[in-house]
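Colleague: Before we start, here is the structure in question, set down as structure tokens.
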Amino acid sequence: MKFKPLPKWLGLLPLSLIIFLSGCGQMTVLNPKGPVAQSQYDLIMYSLWFMLGIIVVVFGLFLYMVVKYRDRPGRDESDYDPNLHGNTMIEIVWTVIPLIIIVLLSVPTVTTLFDLEEPPVTENQTTEEPLVIHATTADWKWFFSYPEQGIETVNYLHIPTDRPIEFKLTSADAMTALWIPALGGQKYNMAGMMTKLYLQADEEGVYDGRNSNFNGEGFAAQTFKVHAESEDNFNAWVEDIKNESPELTMDQYNELLKPGLTEKMSFSSTHLEYVQHHSNEGMGYTVERFRELYGEKLHLDADEVEHQETFD
Amino acid sequence: MALDEFFVTGEPLIYAGMVSIALVTSAIIFLLTYFKKWGWLWREWLTTVDHKKIGIMYILSALVMLFRGGADALMMRTQLAFPGLEFLDSQHYNEIFTTHGTVMIIFMAMPFLIGLMNIIVPLQIGARDFAFPFVNAVSFWAFFLGAMLFNISFVIGGSPDAGWTSYTPLAGAAMSPGPGQNFYLMGLQLSGIGTLATGINLMVTILKMRAPGMKLFHMPIFTWSTLVTCFIIVFAFPILTVALALMTIDRIFGAQFFTLTGEGLPMMWANLFWMWGHPEVYIVILPAFGIFSEVIATFAKKRLFGYNAMVWSMIIIALLSFLVWVHHFFTMGAGAFVNSVFSVSTMLIAVPTGVKIFNWLATLYKSRIEFTVPMLWSLAFIPSFILGGVTGVMLGMAAADYQFHNSYFLIAHFHYVLIAGTVFACFAGLVYWYPKMFGHKMNERIGKWAFWLFLIGFHICFFPQYFLGLDGMPRRLFITNIAEWLPLNVISTVGAFGMGAGFAVFVFNIYYSYRYSEREKTGDAWGHGRTLEWSTTTPVPFYNFATVPYVDEIDPYVRMKEEGKTTFDEKKLKPIHMPSYSGQPIIMMSFFALASFALVFEWIPLAIAGLLGGVACMAFRSFDYDDGYYVQVDEIKRTERKARGL
Ligand code: HEM
Ligand SMILES: [Cu+2]
């Protein structure tokens, strides 16, 4: 039997993983900018060590078996045992070790899950009280309403640093998800419901946010920029919007709910008193009014998405 | 409905598709007529109830679907690597990823595996056909016509565009009006009913028709995997059937199960879909595990290590697979407690899966590995699948999944398990059992080319996608509009074309081997067969076994070879009862396909006519007293002597 080269380069895969990982300080998820993303990063890194361990063990055993026990002329007869078919001891070992690994992975997973249900607590936090922002989606835009401040923005978001943000998520139509990878994982926005997501930025900067759950033609363009700034700058920005932006009328809000793309906007009032998309009564609001518009195709191409990005 | 609404217009790619469909169809019609093959086609194939022929038809259809799904994939990858080309617009891209996913899972992976089960399971247990051969034909035609119905959507009426998961409310009548989504519903419904019937059929076959003496724990591991899969099918598919029916009623008759109006429950769809959908991913992986076990034992020339553990781990996986569906929407906000429970149950699946991996490795221990093409596919599966498995566990850690969900990390995970698992197994199984099916092997040298191209292409394509996910690239995005994502996308596309080349070489090998491979003279083509399918002659006579051997151990053919026993014991010959061929399955399912087609366009009278036609066929069938015929001892003797050169 002619010996064929083994998939040896496969052995390089875990190595390349390490190289990749060392060079990926830039990867958004692995470069957290707030406590929520940080706790998820920690969990991912913790799990990655176990995974690398498993990969090394299995690849090692695999290469050993394939090299050592390949059929080749002049191989020692004594290490061929066609009837070997079980060994209780070793089978118990390789059942119990994975079980232990699962337990070791479950504990931090469960504690992190419970932590993420509460606003993050960090040392340099300025106030305990989270800032409440309603994040509402309609095909294919984002509405951010700040009830305390009485303002609303479309397709962009300002937040103060070092203060937990409590996002109240809902949707006017299809299901979407709010994802700002630099600040933490996503959660769904659903019509007829309100979900809660806590995030916080520790560093000032501009981060990418988007709808990550596919919802039709304009999905790629449903992005927004997150401007994380100091408490003072944030307050100044709020004042600006309050003084300079128009009120959001019900007519204009209805107009905005129609499927389509729109540029950035800001208003000195919110849509929250007009309709409660998360309530049973408000759930069908958009679809009931604009049903016939959903059938029309945008035939959106790359240029138009690019154009949309320039508004961000 | 005007003709220009009926046909999809305005897309050059789709016009090209129409032209090629028209050309291929006329070529087939011409050839059949020219060579006067219509009668042969009808008598030998369209009316067959022989499990081996039905299996071959399943596999051929699956290969065609793999081509279709692969073409979709290459179009998507082209678009993502060259966003400047404006090759596809958003709408077109959405249609393509939807059909890609649906075709690959429902019309490629499952039928491919069901095709192999069809051919091999009865041979492995010493049966002469399925328990219900007629139903088997019905199942095949349900699948085939369902697949065709789904596939014509891109030239007629327009393709579905809400993803293979078709989440409501997006996929509902309000936001996805028109026939597109109906094609998804009716195509899946029709073929799903076929799958359910096959599940029952194979389950009964395995439970009731084993060779004398063969206990459950003597069965070959591929048969075991089939049995376990059948249980999953029987419990999971009714959920899909109901979910599809509810959405159909929503869309066509205006009910409000999953709508935003009338206090519908859109998230109920997600729950129902994944209550079927997660077991479904195990429906396509367990038979793959079975195939790898057979191939590895054969070419390691050694008994499978830990047979009992292999069986029990499959049973445990099957049970657990019904308890994890929520992991597909951890981000729905069900709360920390619910997510914790489903996190742990999800990660637990890794334990029996790990046990299987170690058992395969231990099978290699003290073995004598021969690197044939099926063995190469099976060996490559182990390290490749591990990468998909460990990332599955990472996805199962719900708190981390908030970052992975809906991203390319998830895409990389499921392609690693589905391709390295299911697709490699389909190739391994096809090459391994090819001589049983067609009387000659596939060329090994060309086969190795196909293997290496595909394997290397696969890793180049999907490994970078883990990192794209970690860099925040979401799935289902039609454009690579963030500069940092572009390099890895280009690499990924290169890999995808490598896989395409591998598949092309594989298909070429089918043609090449048909022309040039040496014809098989013995039944035990590889020389190391361990299970009963290798004890039959090649080609396998239509009644499979002249005499069914008594089996009271695992790998019975090993001993049969030692003792010189065959499946032709002249003293024990008796007339064999066989089912008659029938045109009823294809006619019956054509009526149901007509009804489904009519429902897609919401032509209710035609749908009712089609349904009545189908029901009439069923009534006719219940008064059909043809219960088969007997093959006489003389004929068996003649056939066997000829096949064995006696
Ligand atoms: C070690 C065992 C496995 C674990 C722990 C696991 C875990 C997961 C999890 C948690 C998800 C959902 C991720 C998300 O949406 O955020 C997922 C998705 C998926 N898995 Fe696995 N998985 C495993 C094995 C498999 C196997 C064997 C297959 C199929 C052969 C498979 C196919 C899929 C598919 C198709 C999806 C995504 C479907 C979609 O959203 O379109 N997985 N897996
Ligand atoms: Cu799953």
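Please treat every number below as a calculation from the coordinates, not as lab data. Keep in mind that what you see is a predicted model, and the values were worked out from it rather than measured. Here Cβ is always computed from backbone atoms with ideal geometry, including for glycine, and neighbour counts include all displayed protein chains.
Colleague: For residue B:152 and residue B:15, what does the FRET efficiency come to when R0 = 22 Å and r is the distance between their Cβ atoms, rounded to the nearest 0.05?
Modeller: 0.90
Colleague: By how many degrees, between 0 and 90 and to the nearest 10, does the Cα long axis of helix B:444-470 differ from the longest principal axis of chain B?
Modeller: 30
Colleague: Let me ask you something else. List every residue whose amide H lies under 5 Å from the amide H of residue B:369, counting only residues 5 or more places away in sequence or on a different chain, with H placed 1.01 Å from N in the peptide plane.
Modeller: The answer is A:70, A:71.
Colleague: Is the shape of the range A:147-290 best called rounded, prolate or oblate, per the rule: a/c under 1.5 gives rounded, else a/b larger than b/c gives prolate, else oblate, with a ≥ b ≥ c the square roots of the Cα gyration tensor eigenvalues?
Modeller: In terms of gyration-tensor shape, oblate.
Colleague: Using the reciprocal of the averaged 1/r over all distinct C-alpha pairs, how large is the Kirkwood radius of the range B:25-151 in Å?
Modeller: Working: mean 1/r = 0.0602 Å⁻¹.
Computed over Cα pairs of the range B:25-151, the Kirkwood hydrodynamic radius comes out at 16.6 Å.
Colleague: Check each of the GluC sites (Glu not before Pro) in the range B:547-633 and keep only those in coil by DSSP with at most 15 other C-beta atoms within 10 angstrom; list them in order.
Modeller: Working: sites: B:553, B:562, B:563, B:570, B:602; in loops: B:553, B:602.
Sparse-neighbourhood loop GluC sites (Glu not before Pro): B:553, B:602.
Colleague: For the modelled label position 7 Å from the Cα of residue A:63 along Cα-to-Cβ, which residues of the range B:456-471 have backbone nitrogen atoms closer than 19 Å?
Modeller: B:456, B:459-460
Colleague: To the nearest 10 degrees, how steep is helix B:336-348 against the longest Cα principal axis of chain B, on a 0 to 90 scale?
Modeller: Tilt of helix B:336-348: around 30 degrees.
Colleague: In nanometres, what is the gap between the two model label sites at residue B:445 and residue B:315, each 7 Å from Cα along Cα-to-Cβ?
Modeller: Reported label-point gap for residue B:445 and residue B:315 is 4.9 nm.
Colleague: Compute the signed sum of charges (Lys and Arg +1, Asp and Glu -1) over the other residues within less than 12 Å, Cβ to Cβ, of residue A:26.
Modeller: Local net charge: -2.
Colleague: Can I ask one more? What do the square roots of 5 times the Cα gyration tensor eigenvalues come to for chain B, in whole Å, largest first, as semi-axes of the equivalent ellipsoid?
Modeller: Ellipsoid semi-axes (Å, largest first): 39, 30, 25.
Colleague: Cα-Cα over 26 Å: which of B:301/B:574; A:68/B:436; B:52/B:565; A:196/A:297; B:208/B:642; A:168/A:258?
Modeller: Flagged as over cut-off: B:301/B:574; A:68/B:436; A:196/A:297; B:208/B:642.
Colleague: Let me ask something else. Would you list, by chain and number, the aspartates and glutamates whose Cα falls below 14 Å from the Cα of residue B:366, excluding same-chain residues fewer than 8 positions away?
Modeller: Cross-link targets: A:71, A:76, A:77, A:79, A:81.
Colleague: Please give me the summed charge of the neighbours of residue B:523: other residues whose Cβ is under 11 Å from its Cβ, Lys and Arg +1, Asp and Glu -1.
Modeller: +1
Colleague: What list of ³J(HN,Hα) values in whole Hz, one per residue of the range B:8-18 in order, does the Karplus curve 6.51 cos²θ - 1.76 cosθ + 1.60 (θ = phi - 60°) give from phi, with Gly and Pro shown as x?
Modeller: 6, 10, x, 10, x, 4, 6, 4, 4, x, 4
Colleague: A further question follows. Could you give the alpha-carbon Rg of the protein assembly as shown over 2.2 N^0.38 Å, rounded to two decimals? Mind dumping the intermediate values first?
Modeller: Working: Rg = 29.3 Å, N = 958, 2.2 N^0.38 = 29.9 Å.
Ratio of Cα Rg to 2.2 N^0.38 Å: 0.98.
Colleague: Shape verdict for the range B:322-441, please, from the Cα gyration tensor: rounded (a/c under 1.5), prolate (a/b greater than b/c) or oblate.
Modeller: Numbers: a/c = 2.97, a/b = 2.22, b/c = 1.34.
Verdict is prolate for the range B:322-441.
Colleague: Separate question: Working from Cα positions, state the angle (0 to 90°, nearest 10) between the long axis of helix B:180-208 and the longest principal axis of chain B.
Modeller: Orientation of helix B:180-208: about 30 degrees from the principal axis.
Colleague: Label points 7 Å out from Cα along the Cβ direction at residue A:233 and residue B:235: separation in nm?
Modeller: Taking the simple label geometry, residue A:233 and residue B:235 are separated by 5.6 nm.
Colleague: With θ set to phi - 60° and the Karplus curve 6.51 cos²θ - 1.76 cosθ + 1.60, what are the ³J(HN,Hα) couplings of the range B:19-33 in order, to the nearest whole Hz, using x for Gly and Pro?
Modeller: 4, 5, 4, 4, 5, 4, 4, 5, 4, 4, 4, 4, 4, 4, 6
Colleague: Let me ask something else about it. What does the structure give for A:212-224 when I average, per residue, the other chain Cβ atoms found within 10 Å of the residue Cβ?
Modeller: Rounded to a whole number, the mean comes out at 6.
Colleague: Order B:483-495, B:7-19, A:198-210 from most to least packed using the mean count of other Cβ atoms within 10 Å.
Modeller: Values: B:483-495: 17.0, B:7-19: 13.3, A:198-210: 20.2.
For the peptides B:483-495, B:7-19, A:198-210, the packing ranking is A:198-210, B:483-495, B:7-19.
Colleague: With the crude spin-label approximation of a point 7 Å out along Cα→Cβ, what separation in nm comes out for residue A:291 versus residue B:603?
Modeller: 2.5
Colleague: Report the gain in length on full extension from residue B:43 to residue B:215: 0.36 nm times residue separation, minus Cα-Cα distance, nm rounded to one decimal.
Modeller: Stretched out fully, the residue B:43 to residue B:215 stretch lengthens by 58.2 nm.
Colleague: Sticking with this one: Filter chain A for me: DSSP H helices, axial length by Cα at least 30 angstrom, mean Kyte-Doolittle hydropathy not below 0.5. List them by residue number.
Modeller: Those that clear 30 Å and a mean of 0.5 are A:35-68, A:88-116.
Colleague: Let me ask something else. Where in chain B is the longest stretch that carries no trypsin sites (Lys or Arg not before Pro) classed as loop by DSSP and with at most 14 other Cβ atoms within 10 Å?
Modeller: Longest stretch, sites excluded: B:216-520.
Colleague: So which aspartates and glutamates pass the test for residue B:637, namely a Cα distance under 13 Å, with those fewer than 8 places away in the same chain ruled out?
Modeller: B:569, B:570
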